[in-house]
Ligand code: GDP
């Protein structure tokens, strides 16, 4: 997906807008100064166009110098990574020196920019936005994060500037595998290890997108392509090692993949950023495998692996479906376990269950544990059918979708999983009315 980044001074309301755009998908407005936000990016959609939206202002600091530094860094990140930039300014504060400086940077980059003038709480008072024409990016869009007004106009303007997606197409029988994880978890090392394995035949053509290097290879008759974001980073760019940079790059790799290998540093354990990346693979509906690398460097006894797996389960509650592989890219120990797991989860990701089998399982589940009543009304399930693969998506037709509670849906999902496997893949369940 193309990336839309929001830049602007602290307190112009970036996170409010960010949250408005993504709706109830994720994210919390975290307005304590100096605190890294919980979510920096999210999938967005407008007029049928998909994109990722990034709030580059993760850390907001007080003091003029610090503010300038942080805004400058945001702008550089956005210029580097975004396809369209929302430059947010504050109608109440008016044009500031920092705004001017950012405008210059953005202008020189020639990236498409949409100026959003926030805190215009009365949209008829458009005189408030005139001074922002001078930034040089055409018509500023008046919005109010507090009232939620103008957001549609803003998104219209953004979507108009989105590029057509670049992509390299692969045949359906190719498993597209993205290696994701923070810097230094060993992505490049793992790519080299996999490609150096016995019986791996690497095609000579490696495709290159703006954000990844694709390496097609074959092993035992199965075709794969490794989507490797680390190789690009190694070319050396300014902010290459910052968190957000690698996150954004990972997002694009995930979009293009069937299977996400979420690399975790076995020596260091799990940190917040790992969760962001994994969460995105989950939301994007991709198959996932946790790969705990550097296992050679970990002091172990017979319980270490089990404990580490539990540690992963505790941190990634919503991804209990994803298998865990422990290995060392460096010594190649246990490396042979990886591709069979990739094959398996990829198969599960594309699994299609016949309607009558699915209905048998759900009928049994309902018989064992009938839906609870809600204000005297009881959920009735009419029938279930799988409408899509990658990820498997089930539609449950019910008398009233409001009566389907999260916990009951979870129960049904678990029963379906128990009956059909679906290891490594999210399963989506949608309820529709039909009595
Ligand atoms: P990337 O940034 O994710 O691509 O990580 P690299 O592949 O560049 O690896 C980062 C560092 O970790 C390098 O110094 C590697 O030698 C080291 N490393 C990678 N895999 C392993 C491993 O399995 N075991 C150990 N001990 N070190 C590793």
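Let me confirm something: among 297, 287, 253, which residue is away from the ligand (no atom under 13 Å from the Cβ) and either out of contact with any strand residue (DSSP E or B) (no Cβ under 9 Å at 6 or more places or on another chain) or modelled with pLDDT of 85 or more (or both)?
Answer to the selection: 287.
Taking the stretch 80-94, which residues are modelled with pLDDT under 90 and either part of a strand (DSSP E or B) or touching a helix residue (DSSP H, G or I) at 6+ places or on another chain (Cβ under 6 Å) (or both)?
Within the stretch 80-94, just 81 meets the criteria.
Tell me, yes or no, whether the stretch 141-148 has at least one residue that is in contact (Cβ under 8 Å) with a residue 60 or more places away in the chain, closer than 30 Å to residue 65 by Cβ and crowded, with 20+ Cβ neighbours inside 10 Å.
The answer is yes; a qualifying residue exists.
Which residue is surrounded by the most Cβ atoms within 10 Å (Cβ to Cβ), if the candidates are limited to the stretch 397-418 and must be within 30 Å of residue 339 (Cα to Cα) and without any contact (Cβ under 8 Å) to a residue 24 or more places away in the chain?
413
Would you check which residues across the stretch 256-272 are within 24 Å of residue 296 (Cβ to Cβ), surrounded by fewer than 22 Cβ atoms within 10 Å (Cβ to Cβ) and away from the ligand (no atom under 12 Å from the Cβ) and list them?
269, 270, 271
Which residue out of 352, 380, 334 is more than 25 Å from residue 175 (Cα to Cα) and surrounded by fewer than 16 Cβ atoms within 10 Å (Cβ to Cβ)?
380
For the stretch 299-331, which residues satisfy the criterion of being assigned to a loop (DSSP other than H, G, I, E, B) and surrounded by 15 or more Cβ atoms within 10 Å (Cβ to Cβ)?
Across the stretch 299-331, the qualifying residues are 316, 321, 322, 323, 327, 328, 329, 330.
Among the listed residues 406, 326, 308, 397, which satisfies the condition of being out of contact with any helix residue (DSSP H, G or I) (no Cβ under 8 Å at 6 or more places or on another chain) and within 16 Å of the ligand (Cβ to nearest atom)?
308
Just a yes or no: is a residue in the stretch 419-435 surrounded by 16 or more Cβ atoms within 10 Å (Cβ to Cβ), in a strand (DSSP E or B) and free of Cβ contacts under 8 Å to residues at least 60 places away in the same chain?
yes
The values are calculated or read from the model by the stated rules, or taken from the named source; none is laboratory data. Please read all numbers here as calculations on a predicted model, not as lab measurements. In this analysis, Cβ positions are derived from the backbone assuming ideal geometry, glycine residues included, and neighbour counts consider all displayed protein chains.
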